[in-house]
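Worksheet: the structure to be examined is printed underneath.
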């Protein structure tokens, strides 16, 4: 689990509720179903209008990436590629066939199959670049959904505030109805700004970081397998992938 994401969300909401309590307010005053419907359902509707349903569903599925740490196995992959490179030099590309059923990563598994089949290194690189392009496109589409939601939510909060004030104006002769109307007006604004700046935009930015981590990993896999397909020496393969490991250490390790 990525405790930074979980802790960050908890801390943000805790700060809001604590401030509400310190100011003498009640937690129940922040619970307004009408304001929630306006902001949450309105934001979802606006995002669905802007995107295809498949893109909207894809963005929801990517939520797990916000709360799960990305795969951090560059060092183990480096050792594996060096072993494979030495094996290919000694016994040929067919010697990698034994590893195809063991690998669970579809990207690596596909690369092994291409190397075993004797695919030219340049063709392998082109295939991987195409795969990587589609991967990045899918991730960017999910990120744009969350960024769009972060843009629409505050506007829907303002809309909720206006509707609440309209309700207040319609019931000026009945003081008992003024309080709920004003509450909906202000709470809707809180919901809109909170949804955008605590959930949507941070989720989008976290997905960008996770995407960069996976792209770096796949680029390393591509360079290593292309090197192996070229029949390069293990030392050269090691040099190709050492840059990814050094960048990992200078950037603070795990994302």
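Rounded, prolate or oblate: which fits the range 38-97, taking a ≥ b ≥ c as square roots of the Cα gyration tensor eigenvalues, rounded meaning a/c under 1.5, else prolate when a/b beats b/c?
Prolate.
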Report, in cubic angstrom per residue, the convex hull volume of the C-alpha atoms of the range 32-250. 125 Å³
Mind checking the angle between helix 3-22 and the chain's longest principal axis? C-alpha axes, 0 to 90 degrees, to the nearest 10. 10 degrees
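Run the helix sum for the chain: -39,500 (n - 2.57) per DSSP H stretch of 4+ residues, divided by residue count, reported at 222 nm to the nearest 500 deg cm²/dmol. Display every interim value, and only then the final one.
Values: 11 runs with 188 residues, N = 255.
Mean residue ellipticity at 222 nm (helix-derived): -24500 deg cm²/dmol.
What FRET efficiency comes out for residue 155 versus residue 61 if R0 is 22 angstrom and r is the Cβ-Cβ distance? Round to the nearest 0.05. Let's see the in-between values first.
Values: r = 26 Å, r/R0 = 1.17.
E between residue 155 and residue 61, to the nearest 0.05, is 0.30.
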The range 79-118, relative contact order [Cα under 8 Å, separation at least 6], %: 37 percent
Relative to the longest principal axis of the chain, what angle (0 to 90°, nearest 10) does the C-alpha long axis of helix 178-194 take? 20 degrees
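Under the 0.36 nm per residue contour assumption, what length would be gained going from the current alpha-carbon distance of residue 130 and residue 21 to full extension?
Between residue 130 and residue 21, full extension yields 33.9 nm more.
Compute the Cα gyration tensor for the range 1-88, then decide on rounded, prolate or oblate, letting a ≥ b ≥ c be the square roots of its eigenvalues: rounded whenever a/c is under 1.5, prolate when a/b is larger than b/c in the other cases, and oblate in all that remain. Walk me through the intermediate numbers first.
On the way: a/c = 7.18, a/b = 1.86, b/c = 3.87.
Oblate.
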Please list 84-94, 130-140, 14-24 highest first by mean number of surrounding beta-carbon atoms within 10 Å per residue. 84-94, 130-140, 14-24
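State, as an integer percentage, the relative contact order of the chain based on alpha-carbon contacts under 8 Å between residues 6 or more apart. If you can, show how the numbers build up before the last one.
Details: 266 pairs, mean separation 76.8, N = 255.
Relative contact order, the chain: 30 percent.
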Helix 201-229 sits off the longest principal axis of the Cα atoms of the chain, rounded to the nearest 10 on a 0 to 90 degree scale, by 10 degrees
Per the C-alpha gyration tensor (a ≥ b ≥ c, the square roots of its eigenvalues), the range 13-58 is rounded if a/c is under 1.5, else prolate if a/b beats b/c, else oblate; here it's prolate
Using distinct alpha-carbon pairs, which all enter the 1/r mean, Kirkwood radius of the range 61-138 in Å: 14.2 Å
What is the order of 3, 65, fewest Cβ neighbours within 10 Å to most? 3, 65
If contacts are Cα pairs under 8 angstrom and at least 6 residues apart, what is the relative contact order of the range 1-137 in percent? 19 percent
Stretch residue 109-residue 94 to full length: gain in nm at 0.36 nm per residue minus the Cα-Cα span? 4.0 nm
When all C-alpha to C-alpha distances in the range 108-167 are sorted into bins of 10 Å, what percent of pairs does each bin hold, rounded to whole numbers? 19, 24, 17, 14, 11, 9, 5, 0
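All of the numbers you see were taken from the coordinates with simple rules; none came from a lab. Since this is a predicted model, take the numbers as computed values, not measurements. So basically every Cβ, Gly included, is an ideal-geometry build from the backbone, and we count neighbours across all protein chains shown.
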